[in-house]
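Input: a single structure, listed below in structure tokens.
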Amino acid sequence: MVLANILVALGALLLGYLIGSIPTGVIIGKVFFHQDPREIGSKNSGGTNVARAFGRKVGFVVILLDMIKSLAPIFIVWSILAFSPLREYMNWGLPVGYTTIGGAKTWYWLAGLAAACGHCWPIYTKFHGGKAVASFMGITCGTSWIQFALSGIPYIVIAKKTKIISLTSIIVSIWAAIVAWLVFILQATVNFDFDILLWSFGAKPFITYGLEYALVITVMAIILVLRHSANIQRLKEGKESASPFSK
């Protein structure tokens, strides 16, 4: 069981990182516009800079693709562990109140974190990637309707009001991490199936919440904030530019 879990962990990390490393913004920029977005504007390959370089519609496409590539490893690893003989080796965990820490969810949420790291530091483009915003949105809003309602919708509202994507992303990422921890605390203290908060609405089999999710979301929020250090400095100086999506 230990060996199987080590191999699954390594496989989840590798799969997540390689899929997350796919440079969607760079590919679209070079194929359709014969330009590398990393040589324009903020020199970033994320959706916001792509929108500045090639237009809002293209930026939206890149954001959507980056969200999908962060979600894909989670569901690939979950599917393998749920429907293959490997599921026999995932029956481990530590009871904490009404929930359990460990098991298969450790590895599929880890795959999502690896995808976010791949998005930020992609091996295919010499580790020069995005700032984790689309990855964060994909993994939170793409797996849970409660995160979509409490984080995704506020993101749109705050972005519309401030017109500054960097500030909006920082605020909402911290809030989404808080929501993830609140859900875990409730899981541990209340006898209720909180998987109803996911897009499956509690139907099984499906991915599940837990401490692992809260930890992954927290680490991703920290990465996102650190990746926006230059933006934070510009915000302090009042020099941060408005979002290309502000209209």
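Quick notes on this one:
- Restricting the range 88-120 to residues that are farther than 16 Å from Ala214 by Cβ and free of Cβ contacts under 8 Å to residues at least 40 places away in the same chain, the residue that is surrounded by the most Cβ atoms within 10 Å (Cβ to Cβ): Ala104
- So Asn49, is it at pLDDT below 90 and either in contact with a helix residue (DSSP H, G or I) (Cβ under 7 Å, 6 or more places away or on another chain) or on the phi < 0 side of the Ramachandran plot (or both): yes
- Of all the listed residues (Leu65, Leu71, Leu86, Leu110), the sole one being farther than 28 Å from Asp36 by Cα, at pLDDT 95 or above and either outside any helix (DSSP H, G or I) or out of contact with any Phe, Trp or Tyr (no Cβ under 7 Å at 6 or more places or on another chain) (or both) is Leu110.
- Ser166 vs. criteria touching a residue at least 24 places away in the same chain (Cβ under 8 Å) and either within 20 Å of the chain's Cα centre (by Cα) or crowded, with 16+ Cβ neighbours inside 10 Å (or both): yes
- Residue match in the range 199-212 (condition: part of a helix (DSSP H, G or I), under 16 Å from the mean Cα position of the chain (by Cα) and closer than 15 Å to Ser135 by Cβ): no
- Checking Asn5, Asn49 one by one, the residue that is outside any loop (DSSP other than H, G, I, E, B), surrounded by 17 or more Cβ atoms within 10 Å (Cβ to Cβ) and touching a Gly at 6+ places or on another chain (Cβ under 8 Å) is Asn49 and no other.
- Qualifying positions in the range 125-154 - touching a Ser or Thr at 6+ places or on another chain (Cβ under 6 Å) and of a type outside the set (S, T, N, Q): Gly129, Gly130, Val133, Phe136, Gly138, Ile139
The values are calculated or read from the model by the stated rules, or taken from the named source; none is laboratory data. Quantities reported herein were computed from a predicted structural model and do not represent experimental measurements. Cβ sites come from the backbone with ideal geometry, for glycine too, and all protein chains shown count toward neighbours.
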